[in-house]
Amino acid sequence: MTKSIFIDGAAGTTGLEIADRLAGRAEFTLVTLDDYKRKDPAAKREALNDADFVILCLPDDAAKEAVAMTTSSSTRIIDASTAYRVDPDWTYGFAEYRTDQRERIASARLASNPGCYPTGFLGLIAPLVAAGLLPADWPYTVNAVSGYSGGGKALIQRFEGEGVDIGYRSYGLDLAHKHVPEMQTHAGLTLAPIFAPAVVRAFRGMIVEVPLPLSAMTGAASADALRAALAAHYAGSPVVTVHIEAAPNELLMHADQAPSDRLDLYVLASPDGSQVRLLAMLDNLGKGASGAALQNLNIMAGLDETAGLRL
């Protein structure tokens, strides 16, 4: 049976990608509102409550308003904002990061789409902390670079429309980035990680790194054990790949990076095994946004979760 979908915020970067990728999918019918009706609260309320699925691609406050307007118990919501990512009443929409999460998503009415940076961090850290191979009370550091599309239309204009010569932009310098609570909560950490994000002159793509001084970490497993545990946790996943081959000489993020819904994980160790660099590579607009929403939609609708994904 065809399911109806209303994307609230379909004119934004994530919403546009989701709508484009749903076009031609026979399983779904997109509910659209013209510019006038999108500003009409009654029309929006009707669309929210009549749709089988609603995908919110809005700022946090607007997402909360949309959720409050959705009173139908049969409407299932996927929210791509930060508003509900640590809310216990919402199911966290990262199917692979812990055991049975896919089943939780399948039965959820309310699902929060993960952030792009947290997807990389949690993909690396959460299974290892849950297995007791890394301590939950360690002060983790997260270094990450993203394509500038992750900053939305304003940042895209800065890089493309204004001719500003920016090659690297470090931000979140107040150490209060909105992704930190999400990282801490879903990794089960007692301490908030130190998060150092940056944007580079590439449209899409992302590298997330967690450096670990294993010799200084009480209770931490060896690099080989960490790699083996991640490989076992994600075994058979069509989306997540744990690379167990010899360490690459370099990892590249191209300025014209191709769209992807994959998540690639690496455990790179020093010769003596005393230091490790955990690295995740993903597309901030793919597995980090629209691809994750599409995967969650597939799971919630009882479809092949990889339908429409770029793998």
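Only the coordinates and a few stated rules stand behind these numbers; no lab work does. On a predicted model such as this, the values are computed, not experimentally measured, just so you know. Heads up, the Cβs are rebuilt from the backbone with ideal geometry, glycines too, and the neighbour counts pull from every protein chain shown.
State the Kirkwood hydrodynamic radius of the range 1-127 in Å, one decimal place, computed from all pairs of distinct Cα atoms. List each step's numbers first, then the result.
Working: mean 1/r = 0.0658 Å⁻¹.
After inverting the pairwise mean of 1/r, the radius is 15.2 Å.
Taking only C-alpha pairs under 8 Å that are 6+ residues apart, what is the relative contact order of the range 223-311 in percent? Could the numbers behind the result be given before it?
Details: 116 pairs, mean separation 22.7, N = 89.
Normalised by residue count, the contact order of the range 223-311 is 25 percent.
Run through every distinct alpha carbon pair of the chain and return the Kirkwood hydrodynamic radius in angstroms, one decimal place. Show your work: numbers first, answer last.
Details: mean 1/r = 0.0498 Å⁻¹.
About 20.1 Å, per the Kirkwood formula over Cα pairs.
Counting each DSSP H run of 4 or more residues in the chain as -39500 (n - 2.57), what helix-only mean residue ellipticity at 222 nm follows after dividing by all residues, to the nearest 500 deg cm²/dmol?
Details: 10 runs with 93 residues, N = 311.
Taken over the chain, the calculation gives -8500 deg cm²/dmol.
Normalized C-alpha radius of gyration of the range 116-284, against 2.2 N^0.38 Å? Please list the in-between numbers first.
Values: Rg = 16.2 Å, N = 169, 2.2 N^0.38 = 15.5 Å.
For the range 116-284, the normalised Cα radius of gyration comes out at 1.05.
If all Cα-Cα distances of the range 81-177 are sorted into 10 Å bins from 0 onward, what percent lands in each bin, rounded to whole numbers?
In order of increasing distance, the bins hold 12, 34, 33, 17, 4 percent.
When only Cα pairs under 8 Å and 6 or more residues apart are kept, what is the percent relative contact order across the range 1-154? Please report the intermediate quantities before stating the final value.
On the way: 207 pairs, mean separation 28.1, N = 154.
Normalised by residue count, the contact order of the range 1-154 is 18 percent.
For the chain, which span is the longest to avoid every loop-located (per DSSP) member of GluC sites (Glu not before Pro) having at most 12 other Cβ atoms inside 10 Å? The partial results should precede the final answer.
Values: sites that count: Glu162, Glu245, Glu250.
So the longest stretch without any such site is 1-161.
Any idea what the relative contact order of the chain is, in percent, if you count C-alpha pairs under 8 Å spaced at least 6 apart? Provide the component values of the computation, followed by the final result.
Values: 639 pairs, mean separation 56.4, N = 311.
Relative contact order of the chain: 18 percent.
Given the pairs Lys37/Lys64; Lys37/Lys178; Lys39/Lys178; Lys153/Lys178; Lys44/Lys178; Lys3/Lys153, which span a C-alpha to C-alpha distance of over 26 angstrom in this model? Walk me through the numbers before you get to the answer.
On the way: Lys37/Lys64 19 Å; Lys37/Lys178 31 Å; Lys39/Lys178 28 Å; Lys153/Lys178 18 Å; Lys44/Lys178 28 Å; Lys3/Lys153 30 Å.
From Lys37/Lys64; Lys37/Lys178; Lys39/Lys178; Lys153/Lys178; Lys44/Lys178; Lys3/Lys153, over 26 Å: Lys37/Lys178; Lys39/Lys178; Lys44/Lys178; Lys3/Lys153.
In the chain, which helices (entire DSSP H runs) extend 30 Å or more along their own long axis, judged by Cα positions, while averaging at least 0.5 on the Kyte-Doolittle scale?
Details: long enough: none.
Once both thresholds are applied, nothing remains.
When Lys and Arg each count +1 and Asp and Glu each count -1, what net charge do the other residues less than 14 Å away from Tyr140, Cβ to Cβ, add up to? Before the final figure, lay out each step's value.
Numbers: positive: Arg277; negative: Asp137, Glu182, Glu209.
Spelling it out: positives minus negatives among the neighbours equals -2.
Order of 224-237, 48-61, 282-295 by packing, highest average Cβ count within 10 Å first?
Details: 224-237: 15.9, 48-61: 20.6, 282-295: 28.4.
The packing order, highest mean first, is 282-295, 48-61, 224-237.
Could you compute Rg(Cα) / (2.2 N^0.38 Å) for the range 196-311, with N its residue count? Intermediate results must be reported in sequence, preceding the final value.
Working: Rg = 15.9 Å, N = 116, 2.2 N^0.38 = 13.4 Å.
In units of the 2.2 N^0.38 Å rule of thumb, it is 1.19.
Work through the residues other than Ala51 whose Cβ is under 12 Å from its Cβ and net out their charges, Lys, Arg +1 and Asp, Glu -1. Let's see the in-between values first.
Working: positive: Lys3, Lys44, Arg45, Arg76; negative: Asp8, Glu46, Asp50, Asp52.
So the environment of Ala51 carries a net charge of 0.
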